[in-house]
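Colleague: Questions regarding the structure given below will be posed in turn.
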Amino acid sequence: MKSDISIVILAAGKGSRMKSPKAKVLHTISGKEMLYHIIKESKKISDDISVVVAHQKEAVVAKMQSYFDDIHFVTQDAENFPGTGGAMKNVAPKNDKVLVLNGDMPLITAESLGGFFTLESDIIMSIFDLENPDGYGRVILDENRVIKIVEQKDATPSELKTTTVNAGIYAFKKSVLEKYIPLLSNANAQNEYYLTDVISMAREDGLKVSALLVDEEHFKGINSKLDLARAEEIMQERIKSAWMNAGVIMQLPQTIYIEEGVTFEGESIVENGCRITGNTLIASSHIKAHSVIEDSIVKDSDVGPLAHLRPASHIEGTHIGNFVEVKKSSLKGVKAGHLSYLGDAIIDEGTNIGAGTITCNYDGVKKYQTIIGKNVFVGSDTQLVAPVTIEDDVMIAAGTTVTSGKVEKGSLAISRTKLKTITDYYYRFFGKK
Ligand code: UD1
Ligand code: MG
């Protein structure tokens with residue numbers, strides 16, 4: 001449902017209340033930057049999207065360009081024209097209708113913006129009522145007609161009591177912006193040019209300003225790390241509900257974290273306490289309690305409880321048990337039931353990895369590969385010093401350190417010191433009790 005509306009996203013502010021060295025719009029929710037979520041939804045509606053940048057401009061632009069290639073970036077002269085009104089000075093939207101979104105509203109969805117398209121007014125602004133309006137601009141109404149927006153820092157004690165607040169999304173006729181943005185003044189508590197002052201100026205000139213009642217669940221502004229955590233809960237609820245509706249079984253879903261970008265196929269089960277991140281794909285698998293899976297592919301397998309699949313792991317038809325860590329490895333038709341580190345490895349069908357097996361993939365300078373063929377039996381507590389290739393049908397005795405670089409098909413590898421037993425040594429050492 002692309003429309004003939006241009007979208008401007010304000011993302012140039014410092015975000016001082018975040019108390020962070022990172023630009024506010026780059027803080028993440030469900031693994032993706034706030035600004036990413038907003039642009040993603042905006043693209044469903046419009047082909048003309050401008051993002052206003054200034055603070056940490058290079059970082060913001062580079063990150064967004066890694067996802068989207070058709071966004072216009074506009075630089076705000078934040079030194080001379082700070083504030084949301086200053087941010088609008090250099091934008092040149094193509095269409096006659098312009099939707100302006102604050103860059104700190106990551107919960108908006110294309111559907112929730114629907115009400116802003118019927119632009120019979122000169123301005124449509126957005127309001128909601130909050131028990132605790134702290135941080136928001138207060139909307140001063142006269143019998144349901146908007147008079148003005150007063151920022152918290154400029155509000156009188158009686159204005160501060162107003163619980164109707166400005167959500168921070170506006171649809172303007174382009175002509176309205178062209179007329180009033182140059183007329184804004186910075187005579188206020190923050191010495192900033194407020195976009196919100198356009199409302200009262202337009203009202204005084206008799207223009208039609210309407211207020212759309214919106215919900216906090218979609219229009220919450222993120223100013224602090226507390227807001228960020230609350231928004232995360234809402235986003236997680238959305239992501240998990242969508243996957244459950246698509247057929248995924250989740251046990252105690254409120255304890256599960258699934259990032260934007262994760263996909264499921266077939267029927268999978270995710271038990272409580274799991275964390276699944278990046279571009280992970282889970283297909284017809286069972287992820288048991290408290291496992292962590294990052295940027296991996298898991299098909300027809302069971303993983304955990306308490307297993308860790310690090311990036312670039314590809315697991316198919318495989319059993320991964322508790323306390324097994326896998327990194328950048330491919331396991332197909334394998335059993336690795338307990339307590340192992342399998343890094344930079346390729347392991348083939350029918351192979352059993354005994355408890356305590358470690359691929360020694362790093363010599364302190366470089367990383368090396370371990371290749372294990374079909375039907376290999378790796379005994380418990382084996383160390384595979386990489387680079388190493390174990391051919392098909394090999395048996396490795398428990399406690400072996402494989403340093404040979406290669407073990408040939410069909411052989412047994414065993415490295416052990418001969419067991420010595422000394423009768424009654426215990427009693428000689430500790431004495432009899
Ligand atoms: C703003 C509104 C307030 C509203 C609230 C809703 C103004 C003056 N106030 O306040 O009425 O209730 O949003 O969430 O608009 N930005 C720039 N350049 C700047 C300053 C800010 O691009 O110079 C961007 C920020 O990156 C941010 C957005 O504008 O994404 C809003 O800025 P913020 O400082 O969060 O405004 P609020 O104080 O929340
Ligand atoms: Mg804000």
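Colleague: At a 10 Å Cβ-Cβ cut-off, how would you order THR118, THR164, fewest neighbours first?
Modeller: In order of increasing Cβ crowding within 10 Å: THR118, THR164.
Colleague: Okay, moving on. Distance in nm between label sites at ILE269 and ALA62, each 7 Å beyond Cα in the beta-carbon direction?
Modeller: Taking the two extended label points, one gets 4.5 nm.
Colleague: Which percent, to the nearest 5, of DSSP beta bridges fully inside the stretch 321-423 are antiparallel?
Modeller: 5
Colleague: Suppose we keep just the alpha-carbon trace of the chain; what are its Rg and Dmax in angstrom?
Modeller: When restricted to the Cα atoms of the chain, Rg and Dmax are 29.7, 104 Å.
Colleague: Please report TYR180, TYR368, TYR170 as a ranked list, fewest other C-beta atoms within 10 angstrom at the top and most at the bottom.
Modeller: Details: TYR180 22, TYR368 15, TYR170 26.
Ordered by Cβ neighbours within 10 Å, fewest first: TYR368, TYR180, TYR170.
Colleague: So what is the 222 nm mean residue ellipticity for the chain from helices alone, if each DSSP H run of at least 4 adds -39500 (n - 2.57) and you divide by all residues, rounding to the nearest 500 deg cm²/dmol?
Modeller: About -4500 deg cm²/dmol.
Colleague: Read phi for every residue in the stretch 209-217 and hand back ³J(HN,Hα) as whole Hz from Karplus 6.51 cos²θ - 1.76 cosθ + 1.60, θ = phi - 60°, with x for Gly and Pro.
Modeller: Calculated HN-Hα couplings, in order: 10, 10, 10, 9, 7, 10, 10, 5, 4 Hz.
Colleague: On to the next question. Would you mind working out the magnitude of the charge dipole of the stretch 246-413 relative to its Cα centre, with +1 at each Lys and Arg C-beta and -1 at each Asp and Glu C-beta, to the nearest 20 Debye?
Modeller: Details: 13 positive and 20 negative charges, 70 e Å.
Using only the charged Cβ atoms, the result is roughly 340 debye.
Colleague: Give the whole-number value, in cubic angstrom per residue, of the convex hull volume spanned by the C-alpha atoms of the stretch 2-79.
Modeller: 93
Colleague: Next up: How much FRET efficiency would the formula 1/(1 + (r/R0)^6) give for ALA283 and GLU232, where r is the Cβ-Cβ distance and R0 is 25 Å, rounded to 0.05?
Modeller: 0.40
Colleague: For the stretch 96-169, which trypsin sites (Lys or Arg not before Pro) are both in a DSSP coil and crowded by at most 10 other Cβ atoms within 10 Å?
Modeller: For trypsin sites (Lys or Arg not before Pro) across the stretch 96-169 that sit outside H, G, I, E and B with at most 10 neighbouring Cβ atoms in 10 Å, the list reads LYS161.
Colleague: Further, regarding this structure: Give the residue list of chymotrypsin sites (Phe, Trp or Tyr not before Pro) in the stretch 371-433 that are DSSP loop and have at most 10 other beta-carbon atoms within 10 angstrom.
Modeller: none
Colleague: For the chain, what is the charge dipole size about the Cα centre, in debye to the nearest 20, if Lys and Arg each add +1 at the Cβ and Asp and Glu each add -1 at the Cβ?
Modeller: The dipole of the chain has a size of about 1760 debye.
Colleague: With unit charges on the beta carbons (Lys and Arg positive, Asp and Glu negative) and the dipole taken about the Cα centre of the stretch 91-173, which residue among THR163, ILE140, GLY114 sits farthest to the positive side?
Modeller: Sorting the options by dipole projection puts first GLY114.
Colleague: Next question. Just grab the label-to-label distance for LYS161 and GLN254, each label 7 Å out from Cα along the Cβ direction, in nm (one decimal).
Modeller: 3.6
Colleague: Report the convex hull volume per residue for the stretch 245-338, counting only C-alpha atoms, in Å³.
Modeller: Dividing the Cα hull volume of the stretch 245-338 by its residue count gives 68 Å³.
Colleague: Now, a different point. Could you check which residue among ASP154, ASP348, ASP48 shows the biggest mean-square fluctuation in a GNM of the chain with a 10 Å Cα cutoff?
Modeller: ASP154
Colleague: If you don't mind, another one. Which FRET efficiency value, to the nearest 0.05, is calculated for SER224 and PHE429 with the Förster distance at 56 angstrom and r the Cβ-Cβ distance?
Modeller: Calculated value: 0.35.
Colleague: With θ set to phi - 60°, apply the Karplus curve 6.51 cos²θ - 1.76 cosθ + 1.60 along the stretch 262-272 and write out the HN-Hα couplings as whole Hz, x wherever there is a Gly or Pro.
Modeller: Using θ = phi - 60°, the values come out as 6, 10, 10, 9, x, 9, 10, 10, 10, 7, 4 Hz.
Colleague: Something else about it: So which GluC sites (Glu not before Pro) in the stretch 101-155 pass both tests, a DSSP loop state and at most 14 other Cβ atoms within 10 Å of the Cβ?
Modeller: Of the GluC sites (Glu not before Pro), the ones in loops of the stretch 101-155 whose Cβ has at most 14 other Cβ atoms within 10 Å are GLU120, GLU131, GLU143.
Colleague: Same structure again: Can you pick out the pairs among LYS43/LYS89; LYS40/LYS367; LYS2/LYS327; LYS24/LYS148; LYS14/LYS367 whose Cα atoms lie more than 31 Å from each other?
Modeller: In this structure, LYS40/LYS367; LYS2/LYS327; LYS14/LYS367 exceed 31 Å between Cα atoms.
Colleague: Continuing with the same structure: Percent antiparallel among DSSP beta bridges with both residues in the chain, to the nearest 5? If you can, show how the numbers build up before the last one.
Modeller: Details: 20 of 101 bridges.
Percent antiparallel among DSSP bridges in the chain is about 20.
Colleague: Also, I was wondering about something else. Provide, as a two-decimal number, the C-alpha radius of gyration of the stretch 5-213 over 2.2 N^0.38 Å, N being how many residues it has.
Modeller: Numbers: Rg = 16.2 Å, N = 209, 2.2 N^0.38 = 16.8 Å.
After normalising by residue count via 2.2 N^0.38 Å, the value is 0.97.
Colleague: If you don't mind, there's one more thing I want to ask. Using 5 Å bins from zero, what percent of all Cα-Cα pairs in the stretch 290-339 falls into each bin?
Modeller: So the P(r) values, bin by bin, are 7, 26, 37, 28, 2.
Colleague: Follow-up question, since we're still on this one. Note the direction-averaged projected area, equal to a quarter of the hull surface, for the Cα convex hull of the stretch 246-413, in nm².
Modeller: Hull-based average projected area comes out at 8.8 nm².
Colleague: In sequence order, what are the phi-derived ³J(HN,Hα) couplings for the stretch 162-179 according to the Karplus relation 6.51 cos²θ - 1.76 cosθ + 1.60 with θ = phi - 60°, rounded to whole Hz, with x for glycine and proline?
Modeller: Result, rounded to whole Hz: 4, 9, 8, 10, 7, 6, x, 10, 9, 10, 10, 6, 4, 4, 5, 5, 4, 7.
Rule-based calculations on the coordinates, nothing more; no lab input. Just so you know, these numbers come straight off a predicted model, no measurement behind them. Methodologically, a virtual Cβ is constructed for each residue, glycine included, from the backbone with ideal geometry; neighbour enumeration extends over all protein chains shown.
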